[in-house]
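Engineer: Please read through the structure below; I'll follow up with questions.
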Amino acid sequence: MHRTPFFVFCFLFLCVSALSQSTSSEAPGMQALVAEVRQLRKDLQATNGYALKAQVLLYRLQFQQAAVARVSERLSDARGRLADMQRHRAEVAATLKRFEEALDRTDLSPEERKQIQYEVSSNKTQLENLATEEQQRQTAEMDAEEQLRTEQAKLNELEERVDRLEKALDNNPR
């Protein structure tokens, strides 16, 4: 019976001795593995940072593209309204000219002359109102052009940032 505790004691001593020898010889290898795991963790964190940054940039890029599209549509609408206004103003001016030429005729009755004078006065007032409205529409068009330039500049900056991020990822292929 005394042999069993002695035998167990010897077995444990040999195991501890073997374990201490294996850890001392494997310590540099284990340290290298730990260092590699730490580097991998660091690389993974950097990659996650790049991925998050890229995702944010892409969302901002999509949002800005939509903003440019909206402003572009607004500019297109403003240009269309301005062109319509200019056509209408030209039509009223042509009508006014015809009425003024009609007043020069001598074969008009007093009622016809009075009616034509009323039309001339009405068309002149309408032309003045159209000129004011045309100026407002020109201002709206210029504002839309300026806003489009601003939004396009923002979009260009975001595209440049995406390009720089892409180059940084290409240069650092971890």
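Engineer: Looking for something in a helix (DSSP H, G or I), closer than 30 Å to Ala46 by Cα, under 26 Å from the mean Cα position of the chain (by Cα) and in contact (Cβ under 8 Å) with a residue 40 or more places away in the chain - is there at least one such residue anywhere in the range 137-153?
Structural biologist: no
Engineer: To continue, here is another question. Being farther than 30 Å from Gln138 by Cα, surrounded by 12 or more Cβ atoms within 10 Å (Cβ to Cβ) and modelled with pLDDT under 90 is true for just one of Ala27, Ala46. Which residue is that?
Structural biologist: Criteria check complete, one pass: Ala46.
Engineer: If Ala144 passes every condition in (1) in contact with a Lys or Arg (Cβ under 8 Å, 6 or more places away or on another chain); (2) over 29 Å from Arg74 (Cα atoms) but one, which one does it miss?
Structural biologist: (2)
Matching residues to (1) more than 25 Å from the chain's Cα centre (by Cα); (2) of a type outside the set (D, E, K, R):
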residue: Glu133; (1), (2): yes, no
residue: Asn156; (1), (2): no, yes
residue: Glu159; (1), (2): no, no
residue: Val162; (1), (2): no, yes
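The values are calculated or read from the model by the stated rules, or taken from the named source; none is laboratory data. Quick caveat: nothing in here was measured; it's all calculated off a predicted structure. We place every Cβ from the backbone using ideal geometry, glycine too, and count neighbours over all the protein chains shown.
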